[in-house]
1. Name the lysines eligible as straight-distance cross-link partners of Lys207: C-alpha to C-alpha under 23 Å, and not fewer than 8 places from it in the same chain.
2. Pulled fully out, how much extra length does the chain show between Lys139 and Arg203, if you take 0.36 nm times their separation in residues and subtract their Cα-Cα distance?
3. Using a 1.4 angstrom probe, figure out how much accessible area the chain has per residue, in square angstrom, rounded to the nearest whole.
4. Nearest 10 degrees, 0 to 90: what angle lies between the long axis of helix 119-141 and the longest principal axis of the chain (Cα atoms)?
5. Name the residue farthest towards the positive end of the dipole of the range 30-184 from the options Ala183, Gln173, Met38, assuming +1 on Cβ of Lys and Arg, -1 on Cβ of Asp and Glu, about the Cα centre.
6. If I model a spin label as a point 7 Å beyond the Cα along the Cα-Cβ vector, how far apart are those points for Ala6 and Leu154 in nm?
7. Using DSSP loop states and a limit of at most 16 other Cβ atoms within 10 Å to flag chymotrypsin sites (Phe, Trp or Tyr not before Pro), what is the longest stretch of the chain containing no flagged site?
8. What Kirkwood radius, in Å to one decimal, follows from the Cα pairs of the range 40-108?
Amino acid sequence: MASSLAIRELPLFPLPEVVLFPGRPLPLHIFEFRYRMMMNTILEDDRRFGVLMIDPSSGQIANVGCCAEVVRCQRLPDDRMKILTLGQQRFRVLEYVREKPYRVGLVEWIDDTYTGQDLHLLAKEVDRLLQDVVRLSAKLTDQPLELPDDLPVLPVELSYWVAGNLYGVASEQQSLLELQDTAQRLQREAEILLSTRNHLAARVALKDALK
């Protein structure tokens with residue numbers, strides 16, 4: 001049973017095919033009236049709201065999301081806003097407290113549970129595959145591509161960084177967000193990166209052969 005301290009009410013912002021991870025930035029353009037109301041409310045409070053993915057094919061809203069904190073807000077004409085948020089802690093929706101004018105949920109915070117597995121070896125493997133993918137992508141596109149200098153070193157943070165930088169696979173990202181085992185998340189990311197690396201290597205070999 002979760003501690004009552006780990007449960008709170010949180011304004012919720014469902015977004016189609018958007019999955020936010022802890023430590024990752026998410027810029028948003030707020031124009032709908034109900035979400036302008038929500039932002040005005042949270043900016044006077046703790047500047048936090050929850051991001052949940054909507055599956056566009058089914059219209060279903062995910063049950064697990066990530067809390068976003070507004071770190072910058074620019075007000076535009078007509079009360080529109082451009083905001084920059086940063087992912088904080090993950091949560092699970094226990095129930096909806098209300099649905100109008102915007103959703104508010106009773107949520108519990110969730111964390112990874114430590115299983116005793118050596119996460120640093122897994123993190124090194126993921127880092128090595130990342131380096132390969134970037135190197136091959138640069139070769140294929142003839143563009144200078146590099147990983148950021150501030151790439152996380154700690155396994156949990158690295159797993160969130162990789163998951164947050166996958167593109168066009170929102171359902172896969174949602175699965176990674178819901179995992180509560182860092183080792184499983186890193187292993188799945190290693191599989192994705194290995195597949196990507198092999199695909200890129202084949203394309204680079206073909207490009208070289210056609211020169």
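The values are calculated or read from the model by the stated rules, or taken from the named source; none is laboratory data. Keep in mind the model is a prediction, meaning the values are calculated, not measured. With ideal geometry, Cβ positions are generated from the backbone for all residues, glycine too; neighbour counts draw on all protein chains shown. Remember, those area values only see protein heavy atoms, side chains included, never the ligands or the DNA or RNA. Shrake-Rupley method; radii C 1.70, N 1.55, O 1.52, S 1.80 Å.
1. Here the lysines satisfying the reach criterion relative to Lys207 are Lys139.
2. 22.0 nm
3. Normalised by residue count, the accessible surface of the chain is 57 Å².
4. 70 degrees
5. Toward the positive end, the furthest listed residue is Met38.
6. Inter-label distance under the simple model: 1.8 nm.
7. With chymotrypsin sites (Phe, Trp or Tyr not before Pro) excluded where exposed in loops, the chain gives 32-113 as its longest stretch.
8. 13.4 Å
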